[in-house]
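Readers should treat all values here as calculations from the given coordinates under stated rules, not as data from a laboratory. Small disclaimer: the values here were computed from a predicted structure and weren't measured. As a convention, Cβ positions derive from the backbone with ideal geometry for all residues, glycine included, and neighbour counts pool all protein chains shown.
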Amino acid sequence: MAITRFAPSPTGYLHIGGLRTALYSYLWARKTNGEFKLRIEDTDNARNNEDAVKAILEAFTWVGMPSDCEIEYQSKRVDIYKKYINQLLEEGKAYKCYMSREELDALRAAQEAAKENPRYDGTWRPEDGKVLPEIPADIEPVIRIKAPLEGAITFEDGVKGSMKFEANQVDDFVIARANGMPIYNFVVAIDDHLMGITDVLRGDDHLTNTPKQIVIYNALGFEVPKFYHMPMINNPAGKKLSKRDGAMDVMQYKRDGYLPEALLNFLVRLGWSNGDQEVFSMDQMLELFDPKNINKSASSYNAEKLLWLNSEYIKAVSNDRLIEELKFFDLDLSDYAKRMEILDLGKQRAQTLLELKTAVTTILDVPTQYEAKGTKKFVKEDTPVFLKEYLEVLEKNKDDLYSVDNVENITKPFIEEKGLKFPQLFQPIRIALTGGTQAPSVYDIISILGYEETANRINSALELGFGKE
Ligand code: GLU
């Protein structure tokens, strides 16, 4: 049973890298009948804002991955952290450091000059028999933790394998600032322990935090969780994913007409695989996901694949669901009699909900103008003659136009009899019915619109001379 968490810092919106981490954590918890917990890491007051928290929670609601516990806010837990800082001080596992800014700068400069890694030199670290400097009157101390002076900090990463950080790579780092506020790595370790987190899945940009957190776990006698550090998502050129490549607000994907399940399916494959399977329902993800199959190398964002997946999901979900989704784009088909037909038609080619909306409104909206290029090419002198004749044929069969096959069976003999080529009839009809030549099959449109509306639109186009000069 894995207890996992996703712990965003609300410094902006939730982006897809974060959502991928959350998804993997969610899947692993659910798959093992464990729990997935959300924690908002908002101790850095200056950079956090409530809108960002709202935006993150909104994104979680949209994708449907609820937290299994009440959401924890670090800003409300400062007293808890302070208690542990004091405990470490009392136990002699942490100490006050009175080094001034100038002294620290001088230390760093000397280390850089000697081509050494910058690290705290232990001036204020208490040791048996060591005489500490005199406490300066004008300096509020920071609190540092005693990191091991020798040996190594090791752990088995679920993705990267055995990890080893030599003791000299981790210094006595600060766990609380001079104002008493605990710092990032400290609160993460405390919270992960108190929230009972067994498995920490996060981006490998956090890898260097892990030995520090292990120092904290060890100092407090907490069990160290299992870590999985996941490689980043890159752009197709192998560089860090930028906003332009897709590293945008998760909610932007909603606004761009993606279904959440398509986005999650896309993300599950960005860094994890099960053979060469591409399409995964949530149930399949839950059945198959295992963090041990997380890729070791960075994955590459592929916008085309996301579009393809989205078009697959648009075809697969129910029309009732699409009706609900389209409301977000100000299209309400709930009361439209032919809603099923029009959606069946529109979703054949739509890659996004926005394209689906366009496909639908292209048919629903009475054209207010006619595409000049198409009109010039396809509306000829004899066009009105056979359009009128065709309308007569439709009128005679008006009760049968409900099915696409019927419309086809009625239309084909007419075309043959008149010796027409398909585009001669179909393109002017497309223009009359939708304003342009890019609409789907004429049979489909006529069967959706029915006789009256088809006749009205064709007659209007004829009356207006298709808008020709
Ligand atoms: N708050 C961190 C972030 O947003 C994540 C911390 C963690 O996963 O340990 O990157």
> Which residues' amide hydrogens lie under 5 Å from the amide hydrogen of residue 200, considering only partners 5 or more residues apart or on another chain, with H built in the peptide plane?
Replying inline: 226, 227, 228
> By the scheme Lys and Arg +1, Asp and Glu -1, what is the net charge of all other residues having a beta-carbon under 12 Å from that of residue 144?
Replying inline: +4
>> Could you give each residue of the range 436-452 its phi-based ³J(HN,Hα) in whole Hz, using Karplus coefficients 6.51, -1.76, 1.60 with θ = phi - 60°, and x for Gly or Pro?
In response: x, 9, 8, 5, x, 3, 4, 4, 5, 5, 5, 5, 6, 6, x, 5, 4
> Helix 422-434 sits at what angle to the longest principal axis of the chain, using alpha carbons and giving 0 to 90 degrees rounded to 10?
Replying inline: 60
> What list of ³J(HN,Hα) values in whole Hz, one per residue of the range 355-362 in order, does the Karplus curve 6.51 cos²θ - 1.76 cosθ + 1.60 (θ = phi - 60°) give from phi, with Gly and Pro shown as x?
Replying inline: 5, 5, 4, 4, 4, 6, 6, 4
>> To test your reading of the geometry: what angle, between 0 and 90 degrees and rounded to tens, separates the Cα axis of helix 50-63 from the longest principal axis of the chain?
In response: 60
> Just how far, in whole angstrom, is the range 41-116 from the range 192-247 if you go by their alpha carbon centroids?
Replying inline: 15
> Under a 5 Å amide H to amide H cut-off, with H placed in plane at 1.01 Å, what residues pair with residue 301 once short-range neighbours are removed?
Replying inline: 234, 235
>> Can you pull out the GluC sites (Glu not before Pro) in the range 1-104 whose DSSP state is coil and whose Cβ has at most 13 other Cβ atoms within 10 Å?
In response: 70, 91
> Can you pull out the trypsin sites (Lys or Arg not before Pro) in the range 64-141 that DSSP calls coil and that have at most 14 other Cβ atoms within 10 Å?
Replying inline: 115, 130
> Give me the Kirkwood hydrodynamic radius of the chain in Å, from all C-alpha pairs, to one decimal place?
Replying inline: 27.1
> How do 69, 97 rank when sorted from fewest to most other Cβ atoms within 10 Å of their own Cβ?
Replying inline: 69, 97
> Hey, what angle do you get for helix 383-396 against the long axis of the chain, alpha-carbon based, 0 to 90 degrees rounded to 10?
Replying inline: 90
> Label-point separation (nm) for residue 83 and residue 110, each offset 7 Å from Cα along Cα-to-Cβ?
Replying inline: 4.1
> Cross-link partners among lysines for residue 418, C-alpha distance below 18 Å, same-chain residues fewer than 8 apart left out?
Replying inline: 380, 388, 396
>> Using DSSP to call loops (not H, G, I, E or B), can you name the trypsin sites (Lys or Arg not before Pro) in the range 397-469 whose Cβ has at most 16 other Cβ atoms within 10 angstrom?
In response: 421, 468
> Near residue 56, within a Cβ-to-Cβ distance under 13 Å, what is the net charge of the other residues, with Lys and Arg +1 and Asp and Glu -1?
Replying inline: -4
>> Please list, in order along the range 150-160, the HN-Hα scalar couplings obtained from phi with the Karplus expression 6.51 cos²θ - 1.76 cosθ + 1.60 (θ = phi - 60°), rounded to whole Hz, x for Gly and Pro.
In response: 9, x, 9, 9, 10, 7, 9, 7, x, 10, 8
>> To make sure I understand the rule: partners must be aspartates and glutamates, Cα under 17 Å from the Cα of residue 305, and not fewer than 8 residues away in the same chain. Which ones qualify?
In response: 245, 256, 261, 276, 278, 355
> Can you list the residues, at least 5 places off or on another chain, whose amide H is less than 5 Å from the amide H of residue 176, using H built in the peptide plane?
Replying inline: 143, 183
